[in-house]
Every structure is written in C-alpha cells, then in structure tokens.
1. Run residue B:267 past the list (1) surrounded by fewer than 17 Cβ atoms within 10 Å (Cβ to Cβ); (2) over 19 Å from residue B:163 (Cβ atoms) and report the number of the one that doesn't hold.
2. Of the residues that make up region B:249-256, is at least one touching a Phe, Trp or Tyr at 6+ places or on another chain (Cβ under 8 Å), farther than 21 Å from residue B:161 by Cβ and more than 14 Å from chain A (Cβ to nearest Cβ)?
3. For region B:193-243, enumerate the residues that are open to solvent by 10 Å² or more (accessible area, probe 1.4 Å) and of a type in the set (Gly, Ala, Ser).
4. Yes or no: residue B:128 farther than 17 Å from residue B:83 by Cβ and at pLDDT below 90?
5. Report yes if some residue within region B:428-448 is in a helix (DSSP H, G or I) and either surrounded by fewer than 10 Cβ atoms within 10 Å (Cβ to Cβ) or in contact with a helix residue (DSSP H, G or I) (Cβ under 7 Å, 6 or more places away or on another chain) (or both); otherwise report no.
6. Looking at (1) surrounded by fewer than 10 Cβ atoms within 10 Å (Cβ to Cβ); (2) outside any helix (DSSP H, G or I), which one does residue B:453 not meet, given that it meets all the others?
7. In this structure, does residue B:339 turn out to be more than 30 Å from residue A:29 (Cβ to Cβ), modelled with pLDDT of 85 or more and open to solvent by less than 90 Å² (accessible area, probe 1.4 Å)?
8. Of everything in region B:308-322, what is more than 8 Å from chain A (Cβ to nearest Cβ) and closer than 11 Å to residue A:33 by Cα? Give them in sequence order.
Amino acid sequence: MTEQKDMNFETALGELEKIVAQLESGQGDLENSIKIYERGVALRKFCEDKLKEAEARIEKISLDGAGQVKTEPLDA
Amino acid sequence: MSPQDNLFDLIDNPPPEKDDAGPKANAPEEYSVSEISQKLKRTVEDNFGYVRVRGELSRVTVAKSGHIYTSLKDDQAVLDAICWRGTAGNLSVRPEEGLDVVVTGRLTTYPGRSNYQMIIETMELAGEGALLKMLEERRKKLAAEGLFDDARKKSIPFLPNVIGVITSPTGAVIRDIMHRLNDRFPRTVYLWPAMVQGDQAASQVIAGIKGFNSLPVGSSHRPDVLIVARGGGSLEDLMPFNDEALVRAIAASDIPVISAVGHETDTSLSDYVADLRAPTPTGAAEKAVPVRRDLITAIKQIDMRLISGTQRILREQSNRLSGLARGLVHPKTQLENKSQKLDSLSGRLDAALRQNISVQRQKLTGTAARLSLNGYKQRLKHQSESLSLLKKRLSASSHHITKDAHKNLSSLSSLLETLSFQRTLDRGYAIIKDENDKLVTSTQSMQQGHNVSIQMKDGQRTAEIRD
C-alpha cells in the first residue's frame, strides 16, 4: 500500500468508512471481502499513526538571503 | 496672496519706517540673500518648533533615499511637507494621496529654493469617520476586483501536518494558538515573527506569507495552512491588516490562509480576503485542526465495525458452506441408508403379513360362531306367521278401499268437469302460452317479437307480440 504515502488523513478516513460500509452490507464475495478488510486494516493503521503525533513543536522560521530555511526553537 | 506672503508677515523684523530722512540715512539694514534667508529660517523654526496641522495629503512621493515628500492642502492653501526616512518607518498611517490627516512636526525653510516646509514627526488620520470611509472605499475597490469572492477561497486541509503562524513572537497570541492546538491536535508549528502594529507590520506580515509560500512544495517546512493573527486593538492598531499590499499577498498565497485579527467584532480587510476567518487567534487554532480525541474514538469505532463486518461475512459464508455440505451425502452413506430402510421394510412386511392373517382368523372365528341354524329357523317361523296375518288384513282392507275409491272417483270427475278450463274456454276465454309452452299470466312476461300460442274453445293458433 505504497499509495498511502501520498494520502492525507481525511482521504484515508473516507476510504475506510466506505470499506466498513461495504463489509457491513454483507455483500461481495469472500475473497474480495478479505482483500478489502486487509486494505481497511492498513488504512486504520495509517490513520492511527497520524493520530499518534501527540507533541506540538514550535520553531521560529526564517529565510536567509539565499532562500535557505533556518529554524530555531522559540522560547514563548 | 501666496502662503509665503503670510509667512513674511511673521518675520521678526519690523517693516522699514517711513520718515523724511534721506533714503541712505534711514535705509533698512542690508542683508545678503543668505543672511536674510538664515534669519527667516531661524524665525520660522523658533516660532513653529512644534505644530499640529490638519490637511489632506496630496502628491505623496517616496524618494529612493526613503524620505517621503508630500504636501498638505486645504481648499485655499498648500503646505509642502517632508517625512524623513527614520520617521517614515514609524508612522501609524501609510501616507496616501487624498488622506485627511493630522500631522505634528515643525516648520522650517529651505533657503536654496526659497521654500518653507513642514517636517512631519507623526501622522494620524483625521477622525475615525475618515478612516472608515477610506477603508470602505478600499474594500469596495478590492471586492470589485473579485479578491473577496468565495469562488477563489481555498479549502482548509482537514488535518494539516505543519501550520505556519505569522504573528508577534511575544505576547498572548502565539501562546493562545499553541495552547489550543495542544488541546485539540498538537502539530508542528513554524512561527514567522512579524510586528503586528505600526508601519513595519504590513510589510513584515507580507514577508511571512511570501516566505512560507517560497518554500518548495514537499519541503518538510512548508506549512499546509497559514494563520495570520494578532490580538484586539483600536482601529488604528489594526490598520496594517487593512493594508492593500497585505490583502493582495493573502489573496496570492498558494497556501490556504486563516485570518484571526483582533476580537470577534473587529473586521479587517485581511479577514475578507482570507480563505477562512476566525474570530480570535484561539478560534484560528480551532479551525486549523480537528480534535484528536474525537478522531481516535471514531477510528476505534470504525475498527470495531471493520472486524464485526468481516466476521459477519465469514460467518455467513461458513453457514452457507455447511448448509451446502449437508446436501452433499457420500454415495456409500446413501447406499447404507437405503439398505437399512429396505431391511426395516422387509422386516415389517413379514410381521404385517402375520398380523393380518391373525386378524382375519379372529374375525372368521367370531363369524362362524354366530352362524348357527337354530336362530334362523326360529326367525323364519316367526316371520311366516306375521306374513299370513298381514295377508288377511290386506284382503279385508282392499275391498273397502276399492269401493270407496270408486265413489270418490265419480264425485271428483264431476267436480273436475265443473272446474275444467275447457268450460271457461267455452265461455269465450282464451289461454296464452309462450314458446316454451308456459302459461302467460301477465303482460310483463310478453316480449316484443316473441310468438305465443292462443288456445280457445275450438283450437289453437299462434300469434306474435307486437308491442
């Protein structure tokens, strides 16, 4: 599931909802059900990982003359 | 009368006295041009070292040196004015042609050009009404350009990874934003320090917007959303956020911008142009990120549904399989079953036959016992006695019956004769019958076009019903 790298949280959540609804409808053959379940599990993990980032970081940012980024901790 | 004339009136030099003496003796003091100019300069500067002047700005020019050259005017006079570079940076109002302002400063002269002018130290807009009017005009102009159209507003990402905040590094605003972000969903925040008040503010905020946008897409420092924020303040305090160049910079930002300028009641042009307006800096943090706890709960619920949904499908398929498996009986088993059934049936067959024979035999025995000749003889004798008795009674009664019958018959015949319809017909009446030979007794049963038969005393004719 390499495509998830380009995914954002909202898209992943939306797809997960669809998969769950599909599974809950009880329709679809077994093989496909298992396939989308696996996809669902991967999406869930992706979402959970996104939610794990629990620490806020704040840094001052500035650009030097050459347009290079410079960051330093902010003592706010 | 030129403005210069007014000034000359104020020169601390009495006008030449007219007397009868010769021009030479009573002639006024003679100055060189430089001397008189210097004297005039001192006079002006001494008398007008600190003045407040109200007027409308006209022809504002910013020189390469950074000095601002402008003039103040009203309906009758014009006053040249200069704002040196060092002061220009601190003005609370960006000088613009047509602005009605109150300036403070001093008057001086420029001897080289025979000019006098005002050196501006501070500048403020003349009254809030004028300021609001100017803002409204600017707002209309920018709105007409479509800068505030909803169609060009970008959507704010649902969950940004990096948030860029442009505000003062000190003060409550950044603390409020970080506090609320930590409550809801901690994110990486890059702060672009910018003054949010004074003449430098607009250009510094613009630099922040442009700086963040200049970071390459995909760079870990590039924010997914920008927050432009400052706390509440007076209309003048918030003026940088009404700056036209800032409004245009926000409009040009590729990164979506949330504005949070002042309190809920304050509305700046930045709020109009931003992709999303938050009432306060705290509100901006709320609009920037969802609540992490809620999302975790939602994911947990989805996870449960995912598992139970899959389990259901597995259970259903498994049930279906076992249902089908039941129907799939091994041939050997089928054979065994049939063989067993046959055994059972053949066993019952023998027993049934034996049973049947025994029942029949019992019946036979019972019947045979009742089959005795004595009983029949007795009944035969009894019945023959009854028969002869009945014969006697019959012969006796038949005689009477015949006799009475004859008598009855003749009386009935005569009665019949009397009642016969033949007699009635003889009297001229007729009998009408329909095609089915049924008696017609009412005109209602006569249908048009049907035939009827009419019987009279001497015969029968057919007639058709006409109406």
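The values are calculated or read from the model by the stated rules, or taken from the named source; none is laboratory data. These figures come from a predicted structure and were not determined experimentally. Note that we place each Cβ from the backbone using ideal geometry, even for glycine, and neighbour counts take in every protein chain shown. Surface areas here come from the heavy atoms of the whole protein model, side chains and all, with no ligands, DNA or RNA. Shrake-Rupley method; radii C 1.70, N 1.55, O 1.52, S 1.80 Å.
1. Result: residue B:267 passes all but (1).
2. no
3. B:198, B:203, B:207, B:214, B:218, B:219, B:220, B:231, B:232, B:233, B:234
4. Details: farther than 17 Å from residue B:83 by Cβ: yes; at pLDDT below 90: yes.
Yes; evaluated as a whole, the condition is true for this residue.
5. Within region B:428-448, the subset in a helix (DSSP H, G or I) is B:443-445.
Subsequent filtering for residues that are either surrounded by fewer than 10 Cβ atoms within 10 Å (Cβ to Cβ) or in contact with a helix residue (DSSP H, G or I) (Cβ under 7 Å, 6 or more places away or on another chain) (or both) retains B:443-444.
Scanning region B:428-448 turns up at least one residue that is in a helix (DSSP H, G or I) and either surrounded by fewer than 10 Cβ atoms within 10 Å (Cβ to Cβ) or in contact with a helix residue (DSSP H, G or I) (Cβ under 7 Å, 6 or more places away or on another chain) (or both).
6. Single failed check for residue B:453: (1).
7. Numbers: more than 30 Å from residue A:29 (Cβ to Cβ): yes; modelled with pLDDT of 85 or more: no; open to solvent by less than 90 Å² (accessible area, probe 1.4 Å): yes.
Spelling it out, it is not the case that residue B:339 is more than 30 Å from residue A:29 (Cβ to Cβ), modelled with pLDDT of 85 or more and open to solvent by less than 90 Å² (accessible area, probe 1.4 Å).
8. If the condition is that a residue be more than 8 Å from chain A (Cβ to nearest Cβ) and closer than 11 Å to residue A:33 by Cα, then B:311 is the only one that fits.
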